[in-house]
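In what follows, a structure is listed as structure tokens, so that the remarks can point back to it.
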Amino acid sequence: MSLFHPAQTEKINEQLQGLNKELLSAAVRDDAGLYWPGPYYESTGQLSFKTTADIFNGSSGIALYFLALFEYSGRKEDLQIAEDIVSRTLKSEELLKPRSFGFYTGLTGVIYTCIRLYELNRKKEYLDTALDLSLSNQKNIIEHTAKADLLSGYSGSLFVFTLLYHHLRSAAILAMIQQIVDRLVQEARISETGLKWDYNRSKSAFDSLAGFSHGASGIAYSLMQVGNYFKNEGLIYLAEQALQYEMQYFHQESDNWLDLRLGSYRLGLPDAYKWDLNLFLPEMKEVNSWAHGAAGIGLSRLYAWKISKNPVYFAQCKAALNRCLSDLKKMDRTDFSLCSGYSGMIPFLLKFQELSKKELSNEIWSVIEQASLQYETTGSYNTYISASPLDFGLLSGKAGIGYMLLQLLNPEMDNAVYPALPVAHDAVPATIGPDKRAIQQGIFSVHYPKTIQLLNLYEPGFTETLHADDLREFEGKINQKINLLSASKGWELMEVFKFEKTRTSCWKIHKGYLCYAKKNEFIRNQNKQLLFSTDEVLLDLKLGLSDHVRFYPIASRLRKIMELKQSDYAALFLSEESGLHTIYIGQLPTLILSHLHKALSSGRKLMDSILDDLLQQDQWTMEHEALKQRLLLQIRSLIRNGILSVKA
């Protein structure tokens, strides 16, 4: 059944024919096949052209457009064009020495395109090529891909390899799937709610990103698709945890999820090191596209609702729809590209209409009509980029507009920007990855190892019978259990539990590499100035623990239980670029920090308080002035190592 009335359908066909004609007229053919040179900015204002193999704006994406055209029209010449494009792509230097391996931005996208070719022309040579490319680049794809995201990371590869496994039943591909699943489990990090990925230096972001292309939704979508294919509840669990994490960055007033990317302008703000979300918020709530924001995030929520029927996900879908409809009423941007523009809303609108039976044809048509008008007047679907008229890419340029037009004419078409796995051949698919309970137990044991050890010592096998859906529920149940124990066992366990819970709370609020790189940069710059300060100047400054430091005093009984050294008086939990580190400190730094972790203090007042305490306790035999100098040296050392900072 057509989405539009005949006159609208005719206009769509006319626009599609014009795009197709332009695509073909811009094509270059050589002995190896067909290609399109794409615009490439070497630097600001410096434009050149190059040919790439990827889906985003390269040959594989344009091949997918012609495959979709063949699927709709049935014309063999469209299929032949796709084969000619792939033929040249497979002979390119980029495939011989690949440097990028993601789904939409690298080698995995070429593999996906080969699979799609096989699905439409049934030539097994394309599956064989996909297998060869996968196996010959296995190490790079699985181990050396820095990001976890769908667009350019290994979760996108997980989806593509599962599709390849569906067709080939290859044990080698199944092993690759298992390796990627293992990495996803190992690299999951806790947050205040849910789990997140990409906390490392691969992303310039406030925290692990939200969104379909680079963020939590895309990772969750791949996990849900693969988990549903293999009937693996563990992967579905990880996906739902990713969606929970993402909801921390849902901005209710704007019905949108925040775009957490941080560019040089935001990072250059004077107070950026404080890492206050409100400082960056104004622009973060504005972006709504397939890549970032409600339109893409809605796709993951639609699939989650489809397979779980959880009404929470449908409520989130409605929020995404509200934002999209609000933006389409204004339609005040001049970007209609698939990745970042209004055309990228079409997959969500179509799928929402299909699953909810809500009529959205008028809203979809408004996108097509406005895109056509802009194209007629400017020759471009994205006037923000000067080279857009020369961009024929799928996600970045004109092939993507044609691809969306074909989706409207053929709603049953497999869509590369909302890809779906087929139903598994077997009633009981192959087993991959740990189950849900094993994943949960792994997370609990990483953060509460000593607590779990003691619980199982007092009541053998206790934690094996303890069921908790996430870390928060686990903590609540452990707290309840400890309160039921006898006094002799309970106080010991509670001491350990409080220590590990404090450390875990630091993990929960860890915002990733960039946050602490920025904080440490500020601390280093500040320390350069302090190194030359006299003692008198230093004593007049207001001091406090640095933002990334948590102080935890260690009582003698906890020291014994944790089997620490007698000289370990306190623990410092340090949030750093690579994660969280625990260091133990001696008596003198503990004396200093025990005052400052409660409240800020001037150096002079701090010094007086510590000296009064020490003299009253009669613990120190050295003379007053020598003790003062030792304290000053220790304070300077704590400042130099970033533990203490000067506060305004």
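The values are calculated or read from the model by the stated rules, or taken from the named source; none is laboratory data. Nothing here was measured: the structure is a model prediction, and the numbers come from that model. Note: ideal-geometry Cβ built from the backbone for every residue, glycine included; neighbour counts use all protein chains shown. Ligands, DNA and RNA are excluded from the accessible area calculation, which covers all protein heavy atoms including side chains. Shrake-Rupley method; radii C 1.70, N 1.55, O 1.52, S 1.80 Å.
Among the residues of the range 232-268, how many are part of a loop (DSSP other than H, G, I, E, B) and within 13 Å of the chain's Cα centre (by Cα)?
3
What are the residues in the range 271-305 that are β-branched (V, I, T) and assigned to a helix (DSSP H, G or I), if any?
Listed by number, the list holds a single entry, I297.
Mind checking which residues of the range 383-403 are aliphatic (A, V, I, L, M) and either open to solvent by 10 Å² or more (accessible area, probe 1.4 Å) or not in a helix (DSSP H, G or I) (or both)?
Correct list: I385, A387, L390, L394, L395.
Sort out for me the helices (runs of 4 or more DSSP H) sitting completely within the range 532-637 that have 3 or more residues that are out of contact with any Asp or Glu (no Cβ under 7 Å at 6 or more places or on another chain).
So the answer is 535-540, 587-596, 603-617.
Here is a list: L90, L16, L64. Which entry is over 22 Å from A371 (Cα atoms), at pLDDT 95 or above and either crowded, with 17+ Cβ neighbours inside 10 Å or basic (K, R) (or both)?
Answer to the selection: L90.
If a residue must be open to solvent by 40 Å² or more (accessible area, probe 1.4 Å) and either assigned to a loop (DSSP other than H, G, I, E, B) or hydroxyl-bearing (S, T, Y) (or both), how many such residues does the range 151-175 contain?
Selection size over the range 151-175: 1.
Test of understanding: among A427, A420, A416, which residue is among the small types (G, A, S), farther than 26 Å from H214 by Cβ and outside any helix (DSSP H, G or I)?
Selected residue: A427, the only one of A427, A420, A416 that is among the small types (G, A, S), farther than 26 Å from H214 by Cβ and outside any helix (DSSP H, G or I).
Checking the structure you have, find out if any residue of the range 29-39 is open to solvent by 50 Å² or more (accessible area, probe 1.4 Å) and without any contact (Cβ under 8 Å) to a residue 24 or more places away in the chain.
Scanning the range 29-39 turns up at least one residue that is open to solvent by 50 Å² or more (accessible area, probe 1.4 Å) and without any contact (Cβ under 8 Å) to a residue 24 or more places away in the chain.
So which of Q374, Q441 ends up being at pLDDT 90 or above and more than 28 Å from the chain's Cα centre (by Cα)?
After ruling out the rest, the residue left standing is Q374.
Only one of these is open to solvent by 20 Å² or more (accessible area, probe 1.4 Å) and over 22 Å from F499 (Cα atoms): R557, R550, R604. Name it.
R604
Can you tell me which residue among I585, I643 is surrounded by 19 or more Cβ atoms within 10 Å (Cβ to Cβ) and farther than 23 Å from N525 by Cβ?
Being surrounded by 19 or more Cβ atoms within 10 Å (Cβ to Cβ) and farther than 23 Å from N525 by Cβ holds for just one of I585, I643, which is I585.
So is I452 in contact with a helix residue (DSSP H, G or I) (Cβ under 7 Å, 6 or more places away or on another chain) and either open to solvent by 60 Å² or more (accessible area, probe 1.4 Å) or more than 30 Å from L543 (Cα to Cα) (or both) or not?
Taking the combined requirement at face value, the residue satisfies it.
Please state which one of K351, K358, K329 is outside any helix (DSSP H, G or I), open to solvent by 10 Å² or more (accessible area, probe 1.4 Å), closer than 25 Å to H5 by Cβ and basic (K, R).
Answer to the check: K358.
Test of understanding: among E500, E473, which residue is assigned to a helix (DSSP H, G or I), free of Cβ contacts under 8 Å to residues at least 60 places away in the same chain, open to solvent by 20 Å² or more (accessible area, probe 1.4 Å) and acidic (D, E)?
Criteria check complete, one pass: E473.
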